[in-house]
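A.B. asks: Structure in structure tokens, see below.
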Amino acid sequence: MGEPIPMELLAPAGGPEQLREAIHFGANAVYLARRRWGMRVGSRNFSDEELVQAIAYAHERRVAVHVTVNTVMTDMGADALPAFLSLLAGAGADAVIVVDLGAIALARRYAPQVAMYVSTQASVMSAMAVEEYARLGARRVVLAREMTLSQIAELRRRVTGELELEAFAHGSMCMVYSGRCLLSAGLMGPERSASRGACAQPCRWAWSLTEEKSGASLPVEQDGRASYLLSSNDLCMIEHLGELRAAGIDAIKLEGRSKGAYYTAAVTNAYRHVLDGEDATPWRRELDLVSHRPYSTGFYLGKPEFCSVTEHVSPCLPCSKGFSFVKYL
């Protein structure tokens with residue numbers, strides 16, 4: 001056994017079953033949502049009554065509950081939010097995860113005793129941005145997914161006070177900047193906006209790419225008819241948790257509120273063992289057994305891992321933008 005790595009393990013709870021598995025397998029905290037205002041409206045999620053019960057269940061087992069209220073708000077959504085924030089305050093939620101400035105103002109007014117965390121959708125990458133959010137009442141910032149470890153370490157050095165930093169460590173990755181994508185809304189209509197939690201995930205669809213003048217297709221890895229040229233690799237940092245901590249990260253987040261209970265259990269369990277000081281190698285193999293796309297370390301170690309294409313067209317513009325050409329599993 002090595003030394004434990006002192007970081008909070010935050011696991012996804014897309015529904016009551018996933019909540020129980022995350023807690024059973026060692027999460028320090030869970031993040032979840034009502035069937036509104038969360039970034040995964042297609043998940044099972046929680047009714048108001050279930051959410052109150054979930055908070056009580058977690059607290060009985062000394063696990064914190066973070067509630068996502070991180071969609072981009074319309075006036076209709078914002079008008080209904082005070083009652084929900086009051087519900088969370090009364091139920092004893094530990095934190096709300098927000099991005100919309102209106103939601104931030106409402107959280108301060110209607111749930112001042114609930115910690116306010118800034119979502120990764122805010123794309124925070126600088127100490128100045130962190131401190132501005134702190135002035136608005138934030139106690140934690142979930143950093144943009146496009147940062148390297150060295151950039152995180154520099155940001156941590158510059159940030160004053162007790163404000164905490166959180167970062168994603170595992171799971172599906174969006175191919176656009178901090179998940180702020182208009183592709184689904186543009187193709188399917190505004191009701192399928194990613195910024196409102198209803199993304200249809202067109203980046204995971206099979207696409208073909210053809211040069212307009214010649215009609216030539218870009219030779220990428222194919223399934224016989226089309227390519228997955230917008231689908232990013234999944235993130236896996238289980239072998240680099242000590243480096244995340246050394247850079248100044250206080251909490252790591254596992255993506256996966258759309259995944260089932262087995263996924264939640266297996267991934268939470270693996271990261272718990274490594275955070276407790278065990279060797280990452282066998283647990284990295286364990287993560288190969290759950291449903292996933294090819295793993296990478298994202299932007300953390302510098303230039304992202306790109307595609308598995310054996311033959312490139314020069315210049316290969318999508319690769320230069322950081323896309324991965326991978327088959328959807």
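A.B. asks: Between Y262, Y271, which is surrounded by fewer than 19 Cβ atoms within 10 Å (Cβ to Cβ), aromatic (F, W, Y) and touching a residue at least 24 places away in the same chain (Cβ under 8 Å)? Before you say what the answer is, go through the steps one by one.
C.D. replies: On the way: Y271 fails: surrounded by fewer than 19 Cβ atoms within 10 Å (Cβ to Cβ).
When all the criteria are applied, what remains is Y262.
A.B. asks: Residues of the range 103-139 being within 14 Å of the chain's Cα centre (by Cα) and without any contact (Cβ under 8 Å) to a residue 24 or more places away in the chain, which ones?
C.D. replies: The answer is V124, and nothing else.
A.B. asks: Keeping to the range 101-122, report how many residues are among the polar types (S, T, N, Q), farther than 17 Å from A78 by Cβ and in contact with a Lys or Arg (Cβ under 7 Å, 6 or more places away or on another chain).
C.D. replies: Here is the first cut: in the range 101-122, the ones among the polar types (S, T, N, Q) are 113, 119-121.
Checking the rest, the ones that are also farther than 17 Å from A78 by Cβ come to 113, 120.
Now narrow it down to the ones that are in contact with a Lys or Arg (Cβ under 7 Å, 6 or more places away or on another chain): 120.
Final tally of qualifying residues: 1.
A.B. asks: Pick from E166, E239, E243, E162: which is in a loop (DSSP other than H, G, I, E, B), acidic (D, E) and modelled with pLDDT of 70 or more?
C.D. replies: E162
A.B. asks: All but one of (1) modelled with pLDDT of 95 or more; (2) under 20 Å from E17 (Cβ atoms); (3) not basic (K, R) hold for G256; state the number of the condition that does not hold.
C.D. replies: The number of the failed condition is (1).
A.B. asks: Of the residues R204, R196, only one is modelled with pLDDT under 80, of a type in the set (K, R) and closer than 21 Å to L287 by Cβ; which?
C.D. replies: The conditions single out R204.
A.B. asks: Please go through (1) at pLDDT below 70; (2) part of a loop (DSSP other than H, G, I, E, B) for E146 and return the number of the only condition it doesn't satisfy.
C.D. replies: (1)
A.B. asks: Any idea which of G171, G92, G189 is touching a Pro at 6+ places or on another chain (Cβ under 9 Å) and on the phi > 0 side of the Ramachandran plot?
C.D. replies: Result of the check over G171, G92, G189: G171.
A.B. asks: If you don't mind, there's one more thing I want to ask. Name the residue that is nearest to E17 (Cα to Cα), counting only residues in the range 268-325 that are at pLDDT 95 or above and aromatic (F, W, Y).
C.D. replies: Y271
A.B. asks: Also, quick follow-up: Within the range 30-41, does at least one residue satisfy the condition of being free of Cβ contacts under 8 Å to residues at least 40 places away in the same chain, surrounded by fewer than 19 Cβ atoms within 10 Å (Cβ to Cβ) and either closer than 23 Å to A111 by Cβ or among the aliphatic types (A, V, I, L, M) (or both)? Give the steps one after another, and end with the answer.
C.D. replies: In the first step, residues of the range 30-41 are kept if they are free of Cβ contacts under 8 Å to residues at least 40 places away in the same chain; the result is 30, 35.
With the extra rule that they be surrounded by fewer than 19 Cβ atoms within 10 Å (Cβ to Cβ), the set shrinks to 35.
Filter once more, so that each one left must be either closer than 23 Å to A111 by Cβ or among the aliphatic types (A, V, I, L, M) (or both): 35.
Within the range 30-41 (the criterion being free of Cβ contacts under 8 Å to residues at least 40 places away in the same chain, surrounded by fewer than 19 Cβ atoms within 10 Å (Cβ to Cβ) and either closer than 23 Å to A111 by Cβ or among the aliphatic types (A, V, I, L, M) (or both)), the answer is yes, since at least one residue qualifies.
A.B. asks: Same structure, new question: Looking at the range 61-73, which of its residues are out of contact with any Gly (no Cβ under 6 Å at 6 or more places or on another chain) and either within 13 Å of V98 (Cα to Cα) or in contact (Cβ under 8 Å) with a residue 12 or more places away in the chain (or both)?
C.D. replies: R61, V63, A64, V65, H66, V67, V69, N70, V72
A.B. asks: Are any residues in the range 74-119 under 28 Å from R62 (Cβ atoms), surrounded by fewer than 16 Cβ atoms within 10 Å (Cβ to Cβ) and hydroxyl-bearing (S, T, Y), and if so, which ones?
C.D. replies: The answer is S86, and nothing else.
A.B. asks: Does the range 140-151 include one or more residues that are surrounded by fewer than 16 Cβ atoms within 10 Å (Cβ to Cβ) and free of Cβ contacts under 8 Å to residues at least 40 places away in the same chain?
C.D. replies: no
A.B. asks: Where the second residue is among the basic types (K, R) and part of a helix (DSSP H, G or I) and the first is more than 18 Å from V52 (Cβ to Cβ) and lies in the range 13-25, which pairs have Cβ atoms under 9 Å and are six or more apart or on separate chains?
C.D. replies: F25/R272
A.B. asks: Say we look at the range 264-299 and pick out the residues that are small (G, A, S) and outside any helix (DSSP H, G or I); which of these is farthest from G2 (Cα to Cα)?
C.D. replies: Looking at residues that are small (G, A, S) and outside any helix (DSSP H, G or I), I get S291.
A.B. asks: Can you tell me which residue is surrounded by the most Cβ atoms within 10 Å (Cβ to Cβ) among those in the range 155-168 that are in contact (Cβ under 8 Å) with a residue 24 or more places away in the chain and either charged (D, E, K, R) or touching a Pro at 6+ places or on another chain (Cβ under 9 Å) (or both)?
C.D. replies: Restricting attention to the range 155-168, the residues satisfying the condition of being in contact (Cβ under 8 Å) with a residue 24 or more places away in the chain are 155-161, 163-168.
Checking which are either charged (D, E, K, R) or touching a Pro at 6+ places or on another chain (Cβ under 9 Å) (or both) leaves us with 156-158, 164, 166.
Values: R156: 18, R157: 10, R158: 12, E164: 18, E166: 24.
Filtering first and then ranking leaves E166.
The values are calculated or read from the model by the stated rules, or taken from the named source; none is laboratory data. Model, not experiment: these values are computed from the prediction. Every residue, glycine among them, receives a Cβ derived from its backbone with ideal geometry; neighbour counts consider all protein chains shown.
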